[in-house]
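Read the structure below first, then the notes.
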Amino acid sequence: MTQAIPSCTFVIFGISGDLAARKLIPALYNLHRRELLAPETRIVGFARRDWGDAQLRQEAQQALETFAAEALDETWPSFAARLSFVQGSYDDMDRYRALSAHLDRLDTAAGRIFYTATPPSTYNEIVRSLRVSGLNRHEGFVRLVVEKPFGHDLASAQVLNREIERSFAESEVYRIDHYLAKETAQNIAVLRFANTIFEPLWSNQYVDHVQITMAEDLGIEGRGSFYEEAGVLRDVFQNHLLQLVALIATEPPARFDAQSVRDEKVKVLRATRCIAPERAVKGQYVSAGKLKGYREEPGVAPDSNQATYAAAEFGIDTWRWAGVPFFVRSGKRLKAKVSEIVLHYKTPPHIPFALERPVAADQLILRLQPNEGISLWLDAKAPGQGIKLRQVSLDFAYEQQFERSSPDAYETLLQDILMGDPTLFMRSDEVEEQWKIVTPLLEAWDNDDDPAFYAAGSWGPKEADQLLASRGRRWHSPDNDKSGA
Ligand code: BG6
C-alpha cells in the first residue's frame with residue numbers, strides 16, 4: 001500500500017523564474033493529477049514580480065502548456081485553486097512577515113516547505129530571513145529545499161551551510177541534485193546490492209577503469225551570465241558527476257536509509273583525490289556550421305575563457321579502488337545528449353583459443369539517458385566453424401521492461417520532499433567534500449588562459465582523447481551502440 005503523503009504549504013521563492021516554470025510547476029501538477037497531493041496542500045509563490053493570484057495562475061497555465069509532458073485536463077481548475085502569490089524582495093523583512101501572515105491564514109496543512117528556486121546569490125538571505133521572521137519554526141514539520149549550485153566554491157558553501165545550520169536541523173534540509181533521482185542512478189544501488197553477480201566483480205581486482213560521460217547537445221540556452229560565473233565545473237561537475245562517482249564507488253550500506261547511504265557516500269568522497277590540473281582538460285566550443293561558438297552567445301564576453309567542457313582523471317584511495325583510474329567528462333554543445341557510466345573490465349589472464357584478434361574487454365554500461373537501461377558487452381563465438389569472436393550485448397531497456405517511461409526526476413524529488421525522505425538529497429558534508437575535490441581545478445581554471453577549443457557538435461577537444469591515450473585507454477563512443485567500443 002502506498003504511504004499517504006502529508007499535506008503541506010509549499011512555498012516557492014522565485015516562482016516567476018525558469019526553474020519553477022520548466023520543472024516545479026509541471027512536477028507539482030503531475031502529482032496533483034495523480035492524486036498524490038493531499039486536499040489541504042497549497043502552493044504559495046513568492047517573487048519580486050508584481051503579480052497577484054490571478055496572474056500566477058495564468059503564468060502557471062502557460063508554463064504547463066509550454067513545458068508539461070501532457071496537456072492540461074479537467075484537473076487544472078482544482079490545481080489552480082491551490083495557487084496563491086505573495087510579492088516581495090528576498091531581503092525585505094516586512095514581506096516575510098506578510099508571507100507569515102498569509103501562511104497563517106491558509107494553514108490547515110501538516111507542515112511547511114520552503115523551496116529556493118531563486119538565483120544562488122539570494123540563498124543566504126532567504127535562509128536568514130526565514131529564521132529572523134520565525135518562519136523556520138512551525139508546530140507541524142518544516143523543510144528547506146536548496147537548489148544547486150550550492151555555493152560558488154568551498155568557502156561560500158561552508159558559509160551557506162553554517163547559515164542553514166543556524167536556522168534548520170540537518171534532517172529538515174533537502175539539497176537538490178536531480179541526477180540522484182534519475183531511475184538509472186537509483187538503479188546503481190539496486191544492481192549492486194540486490195544481485196549477487198555484480199558486487200564480487202566491482203573492484204580493482206576485475207575493473208580496469210571507470211568512465212563517466214555527461215554530454216549535452218544543447219548550448220547554454222540563454223543562460224550566458226550564469227554560465228560565465230559557473231562554467232562546467234560548477235554547473236555539473238562538482239555536483240552531478242561527483243554524485244555519480246560516489247554511487248559507483250561507495251561501499252554497501254548496511255541499510256538503505258538516508259543516514260547510512262550518505263555516510264557511505266561521504267567516506268568515498270573523502271577518499272577521492274583532488275583533481276590535478278595536469279590530469280584534466282579544459283575545453284570551450286567554437287562555431288561550426290550553423291552552431292554558434294560560446295563566445296558569440298548572448299551574455300558571454302567575446303574573449304571569455306570559461307570552460308564549457310571538462311575531462312579529468314582521478315583516483316580513489318580505498319582498498320576497493322586503489323589503482324583504478326576514473327575518467328570523467330562533461331560538455332555543452334557536443335554531438336548528442338548522453339549520460340552514461342561504463343565499467344571497463346580487465347581482459348582474462350589467459351586465453352586458450354587461437355584468435356585473429358585479442359579479446360575485447362567486457363563493459364558494463366549504465367545509461368542514464370537517453371534510453372535508460374543497462375547493457376553488458378561480452379565476447380561471444382560468432383556462428384560457424386572455428387572460434388571467431390564477436391561482441392554481443394545483454395540489454396535491459398527500462399521502457400521495454402516496464403512499459404512506461406521513467407518518471408521525471410523533479411517529480412520523484414518533490415514526492416520525496418513531501419514524504420520527508422532525504423536519501424536522494426545531499427548532506428552538508430557531501431557538498432563540502434565535493435568542493436574540495438574540484439578546488440585545485442577551479443583555482444587553476446579561474447585564472448587560466450585559453451581553453452582547448454572544440455567544434456560545436458563534435459565529441460569535444462582532441463586533448464581529452466589524448467588524456468586517455470596517455471594511459472593506453474580510449475573513451476567509449478556513445479555514437480556506437482552496436483559494439484562496446
Ligand atoms: C543542470 C545544469 O543542473 O543539469 C544544466 O544546470 C544542465 O546546465 C542540466 O543542462 C542537465 O540535466 P539533464 O537532466 O537534462 O541531464
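No lab work stands behind these numbers, since they all come straight from the coordinates. Everything quoted here is computed from the prediction, not taken from an experiment. Cβ placement follows ideal geometry from the backbone for every residue including glycine, while neighbour counts extend to all protein chains displayed.
When you filter the trypsin sites (Lys or Arg not before Pro) in the range 1-47 for DSSP loop state and at most 13 other Cβ atoms inside 10 Å of their Cβ, you are left with R34. Under the shape rule built on the C-alpha gyration tensor, where the axes satisfy a ≥ b ≥ c, the range 67-106 is oblate, since a/c reaches at least 1.5 while a/b does not exceed b/c. For a straight C-alpha distance cut-off of 24 angstrom, the lysines reachable from K388 (same-chain residues fewer than eight places away being disregarded) are K346, K482.
Can you list the aspartates and glutamates whose alpha carbon sits under 19 Å from that of K290, skipping same-chain ones fewer than 8 residues off? Excluding near neighbours in sequence, the set is E216, D217, E221.
Projected label points at A336 and S405, each 7 Å from Cα along the beta carbon direction, are separated by 1.8 nanometres. The R471 and L291 beta-carbon pair, evaluated with R₀ = 35 Å, returns a calculated FRET efficiency of approximately 0.70. With R₀ set to 30 Å, the beta-carbon distance separating E65 from M419 gives a calculated FRET efficiency near 0.55.
Under the combined filter of DSSP loop state and at most 16 neighbouring Cβ atoms within 10 Å, the range 344-429 retains these GluC sites (Glu not before Pro): E356, E403. Neighbour counting of Cβ atoms within 10 Å sorts the residues S156, S89, fewest neighbours leading, into S89, S156.
As a length-normalised measure over Cα pairs under 8 Å and 6 or more apart, the relative contact order of the chain settles at 17 percent. For the range 223-274, the Cα gyration tensor yields ellipsoid semi-axes of 28, 11, 7 Å (square root of five times each eigenvalue, largest first, whole Å).
Shape analysis of the chain places it in the prolate category; the axes a ≥ b ≥ c from the Cα gyration tensor give an a/c of at least 1.5, with a/b above b/c.
Overall form of the range 305-350: oblate. Here a/c, set by the Cα gyration tensor axes a ≥ b ≥ c, is 1.5 or more, and a/b is not larger than b/c.
Here each label is just a point 7 Å from Cα along the line to Cβ, and for E356 and R390 those points are 1.2 nm apart.
Beyond 28 Å between alpha-carbons counts as too far, so tell me which of K23/K337; K332/K381; K335/K381; K148/K462; K182/K436; K182/K335 fall in that bin. The pairs that break the limit, which is 28 Å between Cα atoms, are K332/K381; K335/K381; K148/K462. So the label point goes 7 Å from the Cα of H138 along Cα→C-beta, right? Which residues of the range 6-34 then have their backbone N under 15 Å from it? Zone members listed by number: 6-13. Once the chain from S458 to A101 is taken as fully extended at 0.36 nm per residue, the excess over their C-alpha distance is 123.1 nm.
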